[in-house]
Amino acid sequence: MRSFRRTLINVALGAAAGMVLLWTVRHLASSGSIEIVAAEYGVEGRTCTAGAEIKKHVSEACGGFRPRCLVSVSTGWCGDPAVGVVKTLTVDYKCGAILKRASAPDNSGLWLVCP
């Protein structure tokens, strides 16, 4: 009888651990990956849309499934829309269903973070 109880307890603990692991994977899949919605680089009145290039660069920086990425900001995205002025990269992105926005100036790093 003790062997049966021990087996039953082991099965119950294994099932509970499996459920926790499954929840963790589902949670990371729904809210942990970064999806770029829009990206703009420049200053007010002089910007360029760099969506495709940003998506590619962020995908490489994020490695696919990371909930946090550091993207370097430079004129390499789409040229220099405002010569001699410090430009800003602004990115709208989604973490699961949550829409977020982040900005950073030239020659710095832009952190994209999912909760």
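Give all pairs with beta carbons closer than 6 Å in which a residue from segment 92-115 that is within 14 Å of GLU35 (Cα to Cα) meets a residue that is of a type in the set (A, V, I, L, M, F, W, C) and in a loop (DSSP other than H, G, I, E, B); count only pairs at least 6 apart in sequence or on separate chains.
What qualifies is CYS95/CYS114.
Kindly indicate which of GLU53, GLU60, GLU44 is among the acidic types (Asp, Glu), farther than 23 Å from SER33 by Cβ, surrounded by fewer than 17 Cβ atoms within 10 Å (Cβ to Cβ) and without any contact (Cβ under 8 Å) to a residue 40 or more places away in the chain.
On the way: GLU53 fails: farther than 23 Å from SER33 by Cβ; GLU60 fails: farther than 23 Å from SER33 by Cβ.
Criteria check complete, one pass: GLU44.
Filter segment 63-91 down to the residues that are assigned to a strand (DSSP E or B) and either free of Cβ contacts under 8 Å to residues at least 12 places away in the same chain or in contact with a Ser or Thr (Cβ under 6 Å, 6 or more places away or on another chain) (or both), then identify the one that is nearest to LEU112 (Cα to Cα).
THR90
Kindly indicate whether GLY79 is surrounded by fewer than 17 Cβ atoms within 10 Å (Cβ to Cβ) and at pLDDT below 90.
So GLY79 fits the description; yes.
Anything in segment 100-110 that is farther than 16 Å from GLU44 by Cβ and in contact with a Lys or Arg (Cβ under 8 Å, 6 or more places away or on another chain)? List them, or say none.
Within segment 100-110, LYS100 is the sole residue that qualifies.
Kindly check whether there is at least one residue in segment 64-75 that is surrounded by 12 or more Cβ atoms within 10 Å (Cβ to Cβ) and either aromatic (Phe, Trp, Tyr) or at pLDDT below 80 (or both).
yes
Could you list all residues from segment 60-99 that are basic (Lys, Arg) and closer than 20 Å to THR47 by Cα?
The answer is LYS87, and nothing else.
The values are calculated or read from the model by the stated rules, or taken from the named source; none is laboratory data. Source: prediction; values computed, not measured. Cβ: placed from backbone, ideal geometry, glycine included. Neighbour counts: every protein chain shown.
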